[in-house]
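All of the numbers you see were taken from the coordinates with simple rules; none came from a lab. None of the values given here were measured: they were computed from a predicted structure. Note that each Cβ is placed from the backbone with ideal geometry, even for glycine, and that neighbours are counted across all protein chains shown.
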Amino acid sequence: MNDILDGIITKYREKEGNVIFLLQETQDALGYIPEEAVNYFSEKLEIPPSRFYGVVTFYSQFHLKPRGKNIVSVCCGTACHVKGGSKIAERIQRDLGLAADGETTEDGKFTFEIVRCVGACSIAPVVLVNNSAYAEMSADSTSKLIKELKKKESSGTK
Ligand code: FES
């Protein structure tokens with residue numbers, strides 16, 4: 001991993017606001033921001049770790065833990081919440097055996113995430129699987145969707 005991190009440092013060492021570029025490229029390369037990466041950058045560049053964590057926690061696109069192959073999200077913004085977003089969230093957690101937002105299944109195949117308004121309130125409640133949005137979902141239709149995803153995963157098709 002250090003080779004990857006050294007390459008990223010060389011690229012952004014002289015750039016203004018390099019923290020965000022370092023983090024973005026690390027996430028692109030590794031899929032998330034490991035604690036070791038933050039410590040490594042911090043030591044090499046003499047930037048306190050708190051600056052990295054400040055950026056990571058401010059921008060929702062950064063992740064401190066590895067994520068699954070499939071990201072199953074439910075919108076719990078106001079419109080989706082009113083139409084049952086929370087019930088869908090509970091069902092997804094139950095179907096995937098996950099206890100909370102941001103958790104990943106042990107086999108690394110699914111991560112569950114709660115998102116805020118994704119700008120599609122007219123088709124609420126919205127479920128997202130990777131980059132695809134599913135409109136007017138219910139707990140039951142989401143369960144069906146997850147069943148299909150699991151089937152695809154176990155048969156090795158995408
Ligand atoms: S609240 Fe869910 S899309 Fe707007």
Taking a quarter of the surface of the convex hull around the Cα atoms of the stretch 70-155, what do you get in nm²? 4.8 nm²
Taking a crude spin-label model, label points 7 Å out from Cα along the C-beta direction, the ILE20 to THR78 distance in nm is 2.8 nm
Hits among lysines - C-alpha to C-alpha of LYS83 under 25 Å, sequence gap 8 or more where chains match: LYS144, LYS147
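By count of other Cβ within 10 Å, fewest leading, how are ILE4, ILE146 ordered? Before the final figure, lay out each step's value.
Working: ILE4 13, ILE146 21.
By the 10 Å Cβ count, ascending: ILE4, ILE146.
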Rounded to the nearest 500, what is the 222 nm mean residue ellipticity of the chain from helices alone, with -39500 (n - 2.57) per DSSP H run of 4+ residues and division by all residues? -15500 deg cm²/dmol
For the stretch 1-94, treating each Cα as an identical point scatterer without solvent, what Debye log10 I(q)/I(0) comes out at q = 0.10, 0.18 1/Å? -0.37, -0.80
Restricting attention to the chain, give the cysteines that have no other cysteine Cβ less than 4.7 angstrom from their Cβ. CYS76, CYS117, CYS121
Projecting each Cα onto the charge dipole of the chain (Lys/Arg +1, Asp/Glu -1 at the beta carbon, about the Cα centre), which of SER86, ILE71, ILE4 comes out farthest on the positive side? SER86
Rg/Rh (Cα only; Kirkwood hydrodynamic radius) as it applies to the chain: 1.06
Which residues' amide hydrogens lie under 5 Å from the amide hydrogen of LYS65, considering only partners 5 or more residues apart or on another chain, with H built in the peptide plane? ILE33
Taking 0.36 nm per residue of sequence separation and subtracting the Cα-Cα distance, how much length would be gained by fully extending the chain between MET1 and VAL118, in nm to one decimal? 38.7 nm
Amide H to amide H, which residues 5 or more places from VAL115 or on other chains are under 5 Å from it, using H placed in the peptide plane? VAL74, CYS75, CYS76
Cα extents of the stretch 7-59 along the principal axes, largest first, in whole Å, come to 23, 22, 19
Could you name the lysines in cross-link range of LYS151, using Cα to Cα under 20 Å and dropping any fewer than eight places away on the same chain? LYS69, LYS109
Only Lys, Arg (+1) and Asp, Glu (-1) charged, at Cβ; the chain dipole about Cα centre in debye: 700 debye
